[in-house]
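The values are calculated or read from the model by the stated rules, or taken from the named source; none is laboratory data. Remember, predicted model here, so these are calculated numbers, not experimental data. For neighbour counting, all protein chains shown are included, and Cβ atoms are generated from backbone atoms with ideal geometry for every residue, glycine included. Heads up: the accessible areas ignore ligands, DNA and RNA and are worked out on the full protein's heavy atoms, side chains in. Shrake-Rupley method; radii C 1.70, N 1.55, O 1.52, S 1.80 Å.
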Amino acid sequence: MIPYGKQNISQQDIDAVVDVLKSDWLTQGPKVPLFESAVAQYCKSQYAVATNSATSALHIACMALNVSEGDVVWTSPNSFIASANCARYCGASVDFVDIELETGNMCVDALKSKLADAQQHQRLPKVLIPVHFAGQSCDMKAIAQLAKQYGFKIIEDASHAVGGRYDNKPIGNCEYSDICVFSFHPVKIITSAEGGMAMTNDEKLAATMCQLRSHGVVSDDSLFAQTSHGPWYYEQHALGYNYRMTDIHAALGYSQLNSLGEFVHQRNVLAQHYDKLLATSEKVLPLVVHSNCYSAYHLYVVKLLDCDPVKHSYVVKKLRELGIYAHVHYIPIYLQPYYQQQGFQQGYCPNAEQYYHSAITLPLFPELSEEQQQDIVDNLLALIND
Ligand SMILES: *Cc1c(COP(=O)(O)O)cnc(C)c1O
């Protein structure tokens, strides 16, 4: 079976992990800060807070921005459920902004009209979570402009996008956001097995997130509210969690970072080859990548044109039977039973639903060969014409 994505682990990565196992620290040692500062340097952000997943990074990012009961958080329906769940963890309600069909990213025009409407009803979002779908940045300049106008905060869910660029600057530099979150799950661009990271240029937000990822505890005596009882003393200042990354995971992530540029380059080369193989087909359309974006290409997505949900489902099922693990990203989040219980109904974001019933994710990972790509495309085109 050709998977839709998979990790790429070198001997150097294995050695880095083994070194940690032989060291004094399995967790809370030197590797986590090393990984954090390396990613911050790569992305040109001031601070980085490593966590045990992007999901927990999104949670503490919402907490740091004071998301709580009575607040509303908006995100994209075309994402993994974690982009919305983080707000629910904080007791806030979630709402969804429809996408553009070309890129699968949040539509700025839809955002504009939804904001104007929300202002009238005094239901403006506290935080917006745009998702850089498939590895391409959203239109952050326009979104940041709206954030200023309407007074909301921005968390970029860049789980797909580490190594990508926007206006020739690295995604994660937080030029247009308060916090930007990466995932290092094995299907993503680089991996720490499980892991995530929250980037920010705000010292206070970074300190708050550091506290929240470790039980809400402070151990720096300059921050104590009470007089220290002695060298063992620590204080809990907030209800935090155990969301820490271990040194084992950080060592793997740090080692993988050496390959990030190469991985993203290979993904772009493979994506361009797919584009070429599909260029003559009138029934398949790859997603558009804008010229001011360098996609990290977490996913290679094509849309089937003039295709009904039955046919779409048939093509994906048949590809899998042929050993090609095609996938569909994403089921609109609000169609999940959990969000249906929150009152969302089918038809809420028409573009996200139309897109969902036509999109197919084809396998993409650095080791994929051109022969495999040819085979995938031949089978795809044959099935469409079935
Ligand atoms: C993978 C993913 C997440 C969650 O990442 P984890 O590290 O598995 O918690 C969140 N948002 C998006 C868009 C993702 O693709």
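What residues qualify as long-range amide H neighbours of Val284, i.e. H under 5 Å apart, gap of 5 or more or another chain, H built at 1.01 Å from N?
Leu305
To the nearest 10 degrees, how steeply does helix 108-120 sit against the main Cα axis of the chain, on a 0 to 90 scale?
Roughly 50 degrees between the two axes.
For Ser291, project a label point 7 Å along Cα to C-beta. Then give me every residue of region 63-103 with its amide nitrogen under 18 Å of that point.
Residues 103 qualify, since their backbone N sits under 18 Å from the label point.
How far is helix 203-212 tilted off the main Cα axis of the chain, in degrees rounded to 10, range 0 to 90?
So the helix axis and the longest Cα principal axis differ by about 90 degrees.
Taking only Cα atoms and a 10 Å spring cutoff, compute GNM fluctuations for the chain and point out the largest among His121, His298, His312.
Looking only at His121, His298, His312, the biggest GNM fluctuation is shown by His121.
Compare the peptides 165-178, 244-257 by average per-residue count of other Cβ atoms within 10 angstrom and give them in order, highest first.
So the peptides 165-178, 244-257, ranked by packing, come out 244-257, 165-178.
Using the beta-carbon distance between Gln122 and Val328 and R0 = 51 Å, what value does 1/(1 + (r/R0)^6) give for FRET efficiency, to the nearest 0.05?
So, using R0 = 51 Å, E works out to roughly 0.85.
Simple spin-label model, 7 Å along Cα-to-Cβ: Tyr314 to Glu235 in nm?
Placing both labels 7 Å along Cα→Cβ, they lie 6.8 nm apart.
First select every other residue whose beta carbon is under 15 angstrom from the beta carbon of Asp178; then total the charges, Lys and Arg +1, Asp and Glu -1.
Combined, the nearby Lys, Arg, Asp and Glu give -2.
Over region 260-384, what percent of the accessible surface lies on carbon and sulfur atoms, probe 1.4 Å?
Answer for region 260-384 is 52 percent, counting heavy atoms of protein chains only.
Run the dipole for the chain about the Cα centre, Lys and Arg Cβ at +1, Asp and Glu Cβ at -1, nothing else charged, and hand back the magnitude in debye, nearest 20.
Computed about the Cα centre, the dipole is about 380 debye.
So, for the chain, what is the accessible surface per residue at a probe of 1.4 Å, expressed in square angstrom?
45 Å²
Restricting to Cα pairs below 8 Å that are 6+ residues apart, what does the relative contact order work out to for region 246-325? Please round to a whole percent.
24 percent
Averaging sequence separations of C-alpha pairs under 8 Å and six or more residues apart, then dividing by the length of the chain, give the relative contact order as a whole percent.
That works out to 23 percent.
Excluding Val288 itself, calculate the net charge of residues whose Cβ lies under 14 Å from the Cβ of Val288, where each Lys or Arg counts +1 and each Asp or Glu counts -1.
With Lys, Arg at +1 and Asp, Glu at -1, the neighbours total -3.
Report the extension gain between Leu146 and Gln374 in nm, rounded to one decimal, defined as 0.36 nm multiplied by the number of residues separating them, less their alpha carbon distance.
Full-extension gain reported as 77.8 nm.
Indicate the gyration tensor shape class of region 11-257 (rounded, prolate or oblate), computed on the Cα atoms with a ≥ b ≥ c the square roots of the eigenvalues: a/c under 1.5 is rounded; otherwise a/b larger than b/c is prolate and the rest oblate.
Judged from the Cα gyration tensor, region 11-257 comes out oblate (a/c at least 1.5, b/c at or above a/b).
If you plug each phi of region 77-91 into the Karplus form 6.51 cos²θ - 1.76 cosθ + 1.60 with θ = phi - 60°, what whole-Hz ³J(HN,Hα) values come out, in order, with x for Gly and Pro?
x, 8, 7, 6, 3, 4, 4, 9, 4, 4, 6, 5, 4, 8, x
Report the extension gain between Lys44 and Trp25 in nm, rounded to one decimal, defined as 0.36 nm multiplied by the number of residues separating them, less their alpha carbon distance.
4.0 nm
Solvent-accessible area of Ser37, probe 1.4 Å, all protein chains present, reported in Å² to the nearest ten, please.
70 Å²
Mind checking which of Gly29, Tyr150, Cys293 is farthest towards the positive end of the chain's charge dipole, using Cβ charges of +1 (Lys, Arg) and -1 (Asp, Glu) about the Cα centre?
Towards the positive end, the residue furthest out is Tyr150.
Which pairs break 30 Å Cα to Cα here: Lys31/Lys126; Lys148/Lys283; Lys112/Lys311; Lys44/Lys153; Lys6/Lys112?
Pairs exceeding 30 Å: Lys31/Lys126; Lys148/Lys283; Lys112/Lys311; Lys6/Lys112.
Mean separation of Cα pairs under 8 Å and 6+ residues apart, divided by the residue count of region 82-169: what relative contact order is that in percent?
Normalised by residue count, the contact order of region 82-169 is 26 percent.
Net charge within 11 Å of Ala64 by Cβ-Cβ distance, Lys/Arg positive one each and Asp/Glu negative one each, not counting Ala64 itself?
Spelling it out: positives minus negatives among the neighbours equals +1.
Of all the accessible heavy-atom surface of region 11-257, with the other protein chains kept in place and a 1.4 Å probe, what percent is carbon and sulfur?
50 percent
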